[in-house]
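This report concerns only the one structure given below.
The values are calculated or read from the model by the stated rules, or taken from the named source; none is laboratory data. For clarity, every value in this text was computed on a predicted model and none was experimentally measured. Here the Cβ is made from the backbone with ideal geometry for all residues, glycine too, and neighbour counts use every protein chain on show.
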Amino acid sequence: MFLAPWFAVAGLVAAAGPILIHLLNRRRFKVVEWAAMDFLREALFRSRRILQIRDLLLLALRTACILLFGAALAQPFLSATADAGASQPVHAILLIDNSLSMSYQRLGGTVLDEAKRQARSMIENLPRGSRISVLPACGLPSGATLDAHYTKQDALEALESIQWVDRQAKPRETLDLALAAAGRTASPARKQVVLFTDQQVDEWSAEQLADQLDQVPGGVKLIDLRSDPADVENSYVAEFGVRDAVVDLHTPATFVAVVCHQGPNERRAVPVSLVVEGQVVQTVIIDLLPGQRREIEFEPYPFDVAAEPGRPYFAAAEVVLPPDRLPGDDRRVLVVPVVAALPVVFVDQFGRDEDPRRGRYGETYHLRRLLAPMGSQAARDKQLVRAEHRTIDE
C-alpha cells in the first residue's frame, strides 16, 4: 500500500520512457551482399549478441530506477500484523494538561514530566506518515498553532516546550481545541485523540461532556495520571489581598491571606511570611489540620513611599509558605496601589462659583464637608479624599 499512490502511477508512466527511446533508436541495417564479409559473419554474430544483451540490461536498469523513484515518492508501507489499521498513518491529537496541579512533585519528577514521557513514547511509536498535533490543555501560548506537525522531531520539540501554568484546565475548552485541530488537518482521515491529565477538575466526566465527546472523531483516549489520595499532601495560599480596597500613606494597610491544607496528616509550625518590596516584614507561625481553610490577618503595615496626589505608587507584596511537593501554589503576589489622596469630583449647580457668604450652597456641599472636612492645611494634606468642585458644563 502507498501513502501517495499518485506518485506510483506517475512512476509507472515515466518508466515507459526508456522503452520508447530504445525502440525508436534501434539501428536498421541495409543488407548488401559482399562475398568478403562471409569470413567475418560468425565473429560479427557473436559481437552483436553481446551488444544486444548489454542494451537490454541498460534498459532494465533505467526503467527500474524510474519505477523505484516513483515508488519512493509514493511512500509504500506494509502491514506487519493482522490489524492493518494499527499500521496505517493517523492524525494523532495529544492534549497535555498543563494546569498548576500537574507540577506536583513525585519521585521521578512532576506529573507533567510523566505526561510528557508517555506522550513521547506514543509519538515515537506512531506509524510512518502520521501527523501529530501537540496541544496544551490550558490554551495555546503566543505564537503557537493548531496545525499538525509533519515530523516526529517537530512534535517532540513542541511537547518539550509545554510548561505548567497557574491556571485550571477547562474540559470543554480542551475538547474545543481537539475539534479545531482535527478540522485543520484533512489527511490522514483517521484521528486519534489522547488526553493526558490528573483529573483534578470534577467536570472530567463522560456524562457531563457527552455532547462534545460525540463530535470528536474516534473518541478520546484518557491517560489517567492521578496520584494516590493517600500520598497527596499539599499546603497552598488560596487567597491574598488587602482588607480595604484602597491603601493610603496615612493609614496602615491590613493584609489578609487564606491558607489551606490537603492531606492525611497535620502540619505543625508552618511559617507564613508577608513580603513587601522584597523584604520580609512579618511572619506568622500556624498549625494546619487536614482539610483546614485558615484565614490569617497580618499586623497593619504602614507604607512609607513617595506617592503624590493623583499618582499612586504601586508596591509589590506577597505571602509565602515553605516549599512542598507542589511549589507553584506556595506563594501569591499582589500589586498594591498606594495613594496620597484620591481626587473625587463633585458636580452641582454652582461648582467653583459656590459662595457660602452669600448663601450660595451647592447641592453637594454637605457631602463634600463629610468626606473632606475643612481644617488646617496640615489636616487637609492628610485627607484621603481631595474634593474637586465642578458644574455639569465643566
Exercise for review: Write out, first by first residue and then by second, each pair whose Cβ atoms fall under 7 Å of each other, whose residues are 6+ apart or on separate chains, and whose first residue, in the stretch 157-183, is of a type in the set (Lys, Arg) while the second is buried (at least 20 other Cβ atoms within 10 Å of the Cβ) and not in a helix (DSSP H, G or I).
Suggested key: Arg167/Ser99; Arg167/Cys138
Revision key, fill the gap. If we keep only residues of the stretch 98-137 that are among the polar types (S, T, N, Q) and within 18 Å of the chain's Cα centre (by Cα), then the residue farthest from Gln200 (Cα to Cα) is Ser133
Check your understanding: If only one of Glu239, Glu233 is within 30 Å of Val194 (Cα to Cα), surrounded by 12 or more Cβ atoms within 10 Å (Cβ to Cβ) and touching a residue at least 60 places away in the same chain (Cβ under 8 Å), which one is it?
Key -> Glu233
Check your understanding: Which residue out of Phe298, Phe255, Phe303 is at pLDDT below 90, surrounded by 12 or more Cβ atoms within 10 Å (Cβ to Cβ) and of a type in the set (Phe, Trp, Tyr)?
Key -> Phe303
Review point. How do the strands (runs of 3 or more DSSP E) wholly within the stretch 296-372 filter down when requiring 2 or more residues that are closer than 30 Å to Arg267 by Cα and outside the structural domain of Asp113 (by TED's automatic domain parsing): which remain?
Key: 313-320, 331-339
Review point. Within the stretch 138-155, how many residues are within 14 Å of the chain's Cα centre (by Cα) and either in a helix (DSSP H, G or I) or surrounded by 15 or more Cβ atoms within 10 Å (Cβ to Cβ) (or both)?
Key: 4
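Results for (1) assigned to a loop (DSSP other than H, G, I, E, B); (2) under 15 Å from Arg294 (Cβ atoms); (3) assigned by TED's automatic domain parsing to the domain that holds Pro312; (4) in contact with a Pro (Cβ under 8 Å, 6 or more places away or on another chain), shown as yes or no for each residue.
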residue: Ala238; (1), (2), (3), (4): no, yes, yes, no
residue: Gly241; (1), (2), (3), (4): no, no, yes, no
residue: Asp244; (1), (2), (3), (4): yes, no, yes, no
residue: Val256; (1), (2), (3), (4): no, yes, yes, no
residue: Cys260; (1), (2), (3), (4): no, yes, yes, no
residue: Pro264; (1), (2), (3), (4): yes, no, yes, yes
residue: Arg268; (1), (2), (3), (4): no, yes, yes, no
residue: Val272; (1), (2), (3), (4): no, yes, yes, no
residue: Val275; (1), (2), (3), (4): no, no, yes, no
Point to revise | Among the residues listed as Ala269, Ala316, the single one being more than 33 Å from the chain's Cα centre (by Cα) and of a type in the set (Gly, Ala, Ser) | key: Ala269
Review point. Could you say whether any residue in the stretch 179-201 is of a type in the set (Val, Ile, Thr) and assigned to a loop (DSSP other than H, G, I, E, B)?
Key: yes
Revision key, fill the gap. Reported set for the stretch 209-230 where residues are closer than 30 Å to Pro264 by Cβ, without any contact (Cβ under 8 Å) to a residue 60 or more places away in the chain and of a type outside the set (A, V, I, L, M) is Asp224, Arg226, Asp228, Pro229
